[in-house]
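Presented below is the structure to which this report refers.
The values are calculated or read from the model by the stated rules, or taken from the named source; none is laboratory data. Since we're looking at a predicted model, the values are computed, not measured. Cβ coordinates were reconstructed from backbone atoms using ideal geometry, including for glycine residues, and neighbour counts include every protein chain displayed. Each accessible area value is taken on the protein alone, full model and side chains, heavy atoms only, with ligands, DNA and RNA left out. Shrake-Rupley method; radii C 1.70, N 1.55, O 1.52, S 1.80 Å.
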Amino acid sequence: MRYIFLLMLLVSAGFLTACESTETMELQHPATKIPAPASDDVIEIGFSMDTLEEERWYKDRDLFKQAAESLGAKVKVMAANGNDALQVLQAETLIDQGVDLLVVVPHNAEATAAIVHKAHLAGIKVISYDRLIRNADIDYYVSFDNEQVGELQAEAIRSLVPKGKYVYIGGAETDNNAHLFKQGVFNVLQPSIDRGDITIVYDAWSKNWDPENAYKHMKQALEANSAEIDAVIAANDATAGGAIKALEEAGLAGEIPVAGQDADLAAVQRIADGTQTMTVYKPISILAEEVAELAVKLAAGEDMGTVNTVNNGKAHVPFLLLPPISVDAKNLEETIIRDGFHTREEVYER
Ligand code: GAL
């Protein structure tokens, strides 16, 4: 009965279309196959993802599964595609299925605190993956140095445009990272702003990191400034893509430096073409491997020793920060291509 009720809930919440793991496909036939709890010897990790609607998260999913499986663990993946209630529901399902540990990429930094609470009631530890869950007693946080991401963007653009009118296209306000990226940008730009060398003529968040919202912002920024804009910093490559589309329509693509982040293939191709200036490359395999190793150790109850901590509003959370890499047309070859993040053919031979 409980599972029939759960199925009805899942269908009404759109769960069955958004859930994508092979293991969790069992849920499509709950009447005949009730998910078994994890066996004692194999560690099962639940990977609760905000979305699979962006290129980078496919890499995260695949690399994390690969890394965890190479350590003998099993991974169940669920992606909520930007739906807060669904992400909580999916995490609850993973908890009910008896996973040993949860790894969460939160869509909403605050709303996902409920997941941590529920997991802890069930005796399950939670690792915050790439994005910080705020106001919850999470067990570990692993990410790239997100403030440094913004600093790298601003340093690259300011070296090309030391004076002028800047547009800042932010990420999703609900994502803690979006605030850190912005903080990093302003750490670098503020002295120039204070001197009057740089003016921020437009600054907006892009809901859900949607490129369409970034496109609209860029159009508004161009209109409001009679197209007199000297530089654009976008919080990631998807939003940079939206901004560049608006610049293209105004005949300005390639004329104005634009920064992004993630080393998405489309962005790296734009760098090769000259319509995007730089991106910030985050080798996702390192993040995935670090979290997989940590997950297996935490699930096995190992003591992690003394570590750095970050305050998430509720607790001092143990955290591990990885360094991001600034990439432009000059070092594309020795970074992204050398690592096999994208192939030379993908980037140049289209
Ligand atoms: C951030 C993440 C970025 C970017 C963005 C949109 O939290 O750190 O790499 O992908 O989300 O999904």
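Within the same chain, aspartates and glutamates fewer than 8 places from Lys216 are excluded, and of the rest, those with a Cα less than 14 Å from its Cα are Asp203, Glu248, Glu249.
You can think of it this way: the chain between Ala250 and Asp96 has 50.2 nm of extra reach, that is 0.36 nm per residue less the Cα-Cα gap.
Taking θ as phi - 60° and the Karplus parameters 6.51, -1.76 and 1.60, the scalar couplings of segment 42-55 work out to 9, 7, 10, 10, x, 10, 9, 10, 4, 8, 10, 8, 10, 3 Hz in sequence order, x denoting glycine and proline. The Cα-based radius of gyration and maximum Cα-Cα distance (Dmax) for segment 106-201 are 17.2, 55 Å. Quickly estimate the mean residue ellipticity at 222 nm for the chain, helices only: each DSSP H run with n ≥ 4 gives -39500 (n - 2.57), and the total goes over all residues, rounded to 500. Helix-only estimate at 222 nm: -13000 deg cm²/dmol. Measuring between alpha carbons in the structure, the pairs from Lys163/Lys330; Lys76/Lys282; Lys59/Lys330; Lys125/Lys297; Lys118/Lys297 lying more than 18 angstrom apart are Lys163/Lys330; Lys76/Lys282; Lys59/Lys330; Lys118/Lys297. Scaled against the 2.2 N^0.38 Å expected of a compact globular protein of N residues, the Cα radius of gyration of the chain reads 1.04. Which listed residue (Val77, Thr112, Asn135) has the Cα farthest towards the positive end of the charge dipole for segment 45-175, taking +1 on Lys and Arg C-beta and -1 on Asp and Glu C-beta about the Cα centre? Checking the options against the dipole of segment 45-175, the answer is Val77. Amide H contacts of Asp203: Tyr168, each under 5 Å away and 5 or more positions distant or on a separate chain (H built 1.01 Å from N in the peptide plane; Pro and chain starts excluded).
When only the Cβ of Lys, Arg, Asp and Glu is charged (+1, +1, -1, -1), the dipole of the chain relative to its Cα centre reaches about 520 debye. Rounded to the nearest Hz, the phi-derived 3J(HN,Hα) couplings of segment 344-350 under the Karplus curve 6.51 cos²θ - 1.76 cosθ + 1.60 (θ = phi - 60°) are 4, 4, 4, 7, 9, 9, 10, where x marks glycine and proline.
Once backbone amide H atoms are built at 1.01 Å from N, Lys163 has no partners under 5 Å, excluding neighbours fewer than 5 places away on the same chain.
A dipole drawn for the chain from +1 and -1 charges on Cβ atoms has a positive end, and of Leu332, Ile233, Ser206 the residue lying farthest that way is Ser206. Under 5 Å between amide hydrogens, built in the peptide plane, is the criterion, and for Val75 it picks out Ile45 among residues at least 5 positions away or on other chains. Note on segment 52-162: Cα-Cα pairs beyond 20 Å make up 47% of the total pair count.
Computed extension gain for Gln269 through Ala122, at 0.36 nm per residue and net of the alpha carbon distance, reaches 48.3 nm. The HN-Hα couplings worked out from phi for segment 247-263 by the Karplus form 6.51 cos²θ - 1.76 cosθ + 1.60 (θ = phi - 60°) are 5, 4, 4, 8, x, 10, 5, x, 8, 10, x, 10, 10, x, 7, 2, 6 Hz, whole numbers, x standing for Gly and Pro. One quarter of the convex hull surface built on the alpha carbon atoms of segment 261-325 amounts to 6.2 nm², the projected area averaged over directions. Here segment 211-350 is treated as a sphere whose radius is the Kirkwood value from Cα pairs; by Stokes-Einstein at 37 °C and 0.692 mPa s it diffuses with a coefficient of 191 µm²/s. The figure for Lys245 is an accessible area of roughly 80 square angstrom, using a 1.4 Å probe on the protein chains alone. Each of Leu160 and Glu349 was given a label point 7 Å from its Cα along the Cα-to-Cβ line. The distance between the two points is 2.8 nm. In this structure Trp209 has an accessible area near 20 Å², from a 1.4 Å probe over the protein heavy atoms.
The figure for Glu173 is an accessible area of roughly 110 square angstrom, using a 1.4 Å probe on the protein chains alone.
Sparsely packed loop sites in segment 183-289 (the GluC sites (Glu not before Pro) outside DSSP H, G, I, E and B with at most 16 other Cβ atoms within 10 Å) comprise Glu228, Glu255. Where both bridge residues fall in the chain, DSSP classifies roughly 15% of the beta bridges as antiparallel.
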